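Rule-based calculations on the coordinates, nothing more; no lab input. As the structure is a prediction and not an experimental result, all values here were calculated from the model. Reconstructed Cβ throughout: ideal geometry from the backbone, glycine too, with neighbour counts over all protein chains shown.
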Amino acid sequence: MGRKRISKGWCCQKDRCAKLSSVIPGTASFQFTTTMERNFVEIGLENHQVRCLVDSGASFSCISQHQLYRLNTTTTIQRSSINSAIGVCGEVHAIIGEIVLQLSFGQYKVNQKFRIFKTLHAKAILGLDFLRDNKVKADFENMTLTIPTQKNSAMNMEHQDSVAHVTIATFQDNSAVIALAETVNSVILEPQSETIIPVKIPKFHIGSTVILEPCHKLQSRFSIAGGKTVSNIDNNNMGIYRLLNPTNQTIYLDSKLQIAVAQLVNFRNIHAFKEQDEGFLCSVLEREKYSNNNCKNVLADLGINLEDTDLNLEQQQKLYKFLSKNRDIFAKDLSELGKTEMHYHTIHTKGDKVVSLAPYRQSPQMRAEIERQLDEMERHGIIEESTSPFHSPVVLVKKQNGEFRFCVDFRVLNKITEPLSFHV
């Protein structure tokens, strides 16, 4: 029934039980106020002060895995009833699990369920479930959140219908402005390059610190990426922005093209990423990535099982971790074969003779196998259609497991190929 422990007894929050309770809720005897920017609030989370994002668009409350490790809580992580969630941009994020943590607003405490994500754009998010279950009211005129509570007041028995409140000040930064940053001149982005360009950012005072985030058109229209960049506004309302062109084509951007959204930030809330933070973060990610279960799952996908070997448990764990770290050198099928476009090879032949040999005669079953393997290699980008006059026949070699290895008979071509040697 949603009972809550208070001083001198129990008090049910349901109206039908309030009349039967000997505990009379009274007026508020405390106020909790914190100064934060925009829709962030400073609350107690498992005895740690954490900046939480209040997001009515989030269906449930969530916390990042990194922040959860920092809380160092002993509460057990449970399996989540929801496997994944869709973000605001349509991307799908996996849910690692769920956990119940204690939130504290001054003297008022409440337990809240959080879904755990590997990464979040905030340390923790208080979603619609928190706002609904705690009957939170938002006062946009005073920019506050109010949480009604039940509190005993034996000294004030006449106020039987009064309710205590915890008021949390939010959205304190009334100077927050959002503007669109635009290119100053025409910009040329070379293929597979990263470029830092000047941008015009209106509406901000000289010396302001802003964070720039990419507009949607960069990806949809130009197929380029923009970084989240922190920049200071100079005397000419200018800042800098970082662009990345991952394509193989040169991209041209016109002048006065809106490419990023600029938002004012407090420079006091910007912290340098220190070396000790990097070590902690790497240790957390390393521990998660190379946990025993994760390593076993990675190698089981490759058909590697060390449990039936003569290695002891400690040796198995070391080998599991070593093989998992080098997972990229294994290919379980053609889709994982590596390739590069850093260099193109050229075969030089003697004279103008063209080697064009007829295909070897194959049985219908072998022809079907050749077509199947050709389709598979073309699908994974290993081969492509060619109009070259050179042609060498295909040979299928049977392997020990009964499958066929696709080979090409290049013996005639090799006879007219000029040798190519490199100095060591």
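Mind giving me the FRET efficiency for V412 and D308? R0 is 45 Å, r the Cβ-Cβ distance, nearest 0.05 is fine. Before the final figure, lay out the partial values.
On the way: r = 47 Å, r/R0 = 1.05.
The calculated FRET efficiency here is 0.40.
Amide H contacts for S193 (H built 1.01 Å from N in the peptide plane; partners 5 or more residues away or on another chain; cut-off under 5 Å): N245. Between the amide H of V355 and those of H391, distances stay under 5 Å, these residues lying 5 or more places away or on another chain, with hydrogens modeled in the peptide plane.
Residue-wise HN-Hα couplings along the range 348-358, as the Karplus relation 6.51 cos²θ - 1.76 cosθ + 1.60 with θ = phi - 60° gives them from phi, are 9, 10, 7, x, 10, 6, 9, 8, 9, 9, 6 Hz; Gly and Pro carry x.
Give, as a single signed number, the net charge of other residues whose beta carbon lies under 11 Å from the beta carbon of E98, with Lys and Arg counted +1 and Asp and Glu -1. Please report the intermediate quantities before stating the final value.
Numbers: positive: R79, K113, R115; negative: none.
Neighbourhood net charge equals +3.
For the range 44-55, the Karplus equation 6.51 cos²θ - 1.76 cosθ + 1.60, evaluated at θ = phi - 60°, returns couplings of x, 10, 6, 6, 10, 7, 10, 7, 10, 8, 8, 10 Hz by residue, with Gly and Pro reported as x.
Based on the Cβ-Cβ distance of D328 and S223, what FRET efficiency does E = 1/(1 + (r/R0)^6) give at R0 = 22 Å, to the nearest 0.05? About 0.25, to the nearest 0.05. Could you compute the FRET efficiency for V394 and Q102, with r as their C-beta to C-beta distance and R0 at 45 Å, rounded to 0.05? Calculated transfer efficiency: 0.10. Listed from fewest to most Cβ neighbours within 10 Å, the set D328, D129, D301 follows the order D328, D301, D129. Proximity of backbone amide H atoms, modeled 1.01 Å from N, is registered between V230 and L212 at under 5 Å, excluding neighbours fewer than 5 places apart on the same chain.
Distance between the modelled labels on E194 and Q78, one decimal in nanometres: 4.3 nm (7 Å Cα→Cβ projection). Each part gets one Cα centre, and for the range 63-120 versus the range 208-247 those centres are 31 Å apart.
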